[in-house]
Amino acid sequence: MVVPSPTEVIETWLRSERPAVVFDFNGTLSDDEHILFDVFRDLFGTHLGWAMTAKDYRDDLLGRSDREIIELAVARHGGATREEVTELLRLRQGVYKQRIADRNPIGPSAAQLVKLLADNQIPVGIVTGAQREDVLAVLDDSPAGELVSVLIAEEDVSNGKPHPEGFLAAARMLDRSPNDVLVFEDSVPGVRAALAAGMHCIAVGGVEPGRGLRAAAPAIVAELSAELVADPLSRCRRGPGNPNRHAT
């Protein structure tokens with residue numbers, strides 16, 4: 001089986017009628033997965049007596065919504081009550097906001113990619129298992145924030161990833177067909193959700209992507225950057241019969 005390169009995935013996507021991009025948030029557009037791990041580890045250790053490891057987080061929790069992560073932890077290590085889940089969600093939100101207060105986790109490279117897309121009239125959305133208030137706290141303090149036109153958060157769906165509900169909702173709100181959409185994701189459930197929605201997908205896997213992500217994703221890059229899209233977009237604009245396609 002021939003595995004496409006990220007450039008080939010992007011070039012195929014750019015041939016769609018009206019391209020759009022949807023980002024996962026935590027660990028993808030927002031470089032904060034290490035922050036989330038620390039927050040959940042400390043929270044579960046203090047309130048549930050569970051010393052969560054990096055392997056626990058990677059194998060069982062990565063890619064799930066905040067609520068699903070806490071529900072699973074409470075079911076396995078707590079009293080399995082709704083009140084516990086609600087309280088831990090509240091505490092998690094407060095600690096997360098404290099951790100991002102000094103440095104916005106949307107880095108310059110990711111922000112430049114969002115700007116490049118917006119400059120070329122390619123709309124941008126976010127589909128995430130994070131709570132809306134957390135996402136807005138980051139977006140409101142980033143130059144990328146005002147360029148994001150659609151946000152589907154944990155509260156907006158009945159089914160989290162790997163169910164495609166969130167991505168399909170984003171496509172409707174962007175007024176695009178699923179095949180017009182390129183998704184950037186960092187987890188196996190997220191990749192599976194994007195593919196189940198009928199979208200193009202590239203995983204953002206860091207320098208050492210896990211075996212599961214490598215197996216699930218059509219293509220993988222180490223990090224987001226404007227260069228990923230800039231060259232294919234330039235070639236698309238210069239292509240035969242399409243001298244101005246997707247240009248500003």
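To check my understanding: the extent here is largest minus smallest coordinate of the Cα atoms along each principal axis. What are those three numbers for region 163-217, in Å, largest first?
Largest to smallest, the principal-axis extents are 35, 18, 13 Å.
I need the peptides 118-128, 11-21 ranked by packing, meaning the mean over residues of other C-beta atoms within 10 angstrom, with the highest value on top. Walk me through the numbers on the way to the answer.
Working: 118-128: 20.8, 11-21: 18.4.
For the peptides 118-128, 11-21, the packing ranking is 118-128, 11-21.
With the cut-off at 19 Å, report for region 83-144 the share of all Cα pairs above it, as a whole percent.
Pairs farther apart than 19 Å: 42 percent.
For Lys161, give me every one of the lysines with a C-alpha distance below 24 angstrom, ignoring sequence neighbours fewer than eight places off in its own chain.
Qualifying lysines at Cα under 24 Å: Lys55, Lys97.
Give the long-range amide H neighbours of Ile220: residues separated by 5 or more places, or on another chain, with amide H under 5 Å away, using H modelled in the peptide plane at 1.01 Å from N.
Ala203
If you line up the Cα atoms of region 137-229 on their principal axes, what length do they span on each, largest first, in Å?
32, 29, 24 Å, listed from the longest principal axis down.
Obtain the nm distance between the two label points defined at Val207 and Glu155 by a simple spin-label model: each point lies 7 Å from its Cα along the Cα-to-C-beta direction.
Spacing of the two 7 Å Cα→Cβ label points: 3.9 nm.
Consider a paramagnetic label point 7 Å from the Cα of His47 along Cα→Cβ; state which residues of region 112-146 have an amide N under 17 Å from it.
Zone members listed by number: 130-134.
Where does the chain land at 222 nm, in deg cm²/dmol rounded to the nearest 500, when only DSSP H runs of n ≥ 4 count, each adding -39500 (n - 2.57), divided by all residues?
-14000 deg cm²/dmol
How much of the pair distance distribution for the chain lies past 34 Å, counting alpha-carbon pairs only, in percent?
Details: 4686 of 30628 pairs.
Summing the P(r) of the chain above 34 Å gives 15 percent of all pairs.
Can you compute the radius of gyration and Dmax for region 1-84, using only the Cα atoms, both in Å?
18.1, 52
By average Cβ neighbour count within 10 Å, what is the ranking of 214-222, 58-66 from highest down?
58-66, 214-222
If the cut-off is 18 Å between C-alpha atoms, which aspartates and glutamates fall inside it for Lys115, apart from same-chain ones fewer than 8 positions away?
Asp24, Asp31, Asp140, Asp141, Glu146, Glu223, Glu227, Asp231
Where Rh is the Kirkwood radius over the Cα pairs of region 80-185, the temperature 4 °C and the viscosity 1.567 mPa s, what D in µm²/s does Stokes-Einstein return? Let's see the in-between values first.
On the way: Rh = 15.2 Å.
Rounded, D is 85 µm²/s.
Roughly to the nearest percent, how much of the accessible area of region 1-135 is carbon and sulfur, given a 1.4 Å probe? Could the numbers behind the result be given before it?
On the way: 3190 of 6430 Å².
Solvent-exposed carbon and sulfur of region 1-135 make up 50 percent of the total.
Within 12 Å, Cβ to Cβ, of Asp175, how many net charges do the neighbouring residues add up to if Lys/Arg are +1 and Asp/Glu are -1?
Here the count lands on +1.
The values are calculated or read from the model by the stated rules, or taken from the named source; none is laboratory data. Model, not experiment: these values are computed from the prediction. Glycine also receives a Cβ, built like all others from the backbone with ideal geometry; neighbour counts cover every protein chain displayed. Accessible surface areas use protein heavy atoms only, side chains included; no ligands, DNA or RNA. Shrake-Rupley method; radii C 1.70, N 1.55, O 1.52, S 1.80 Å.
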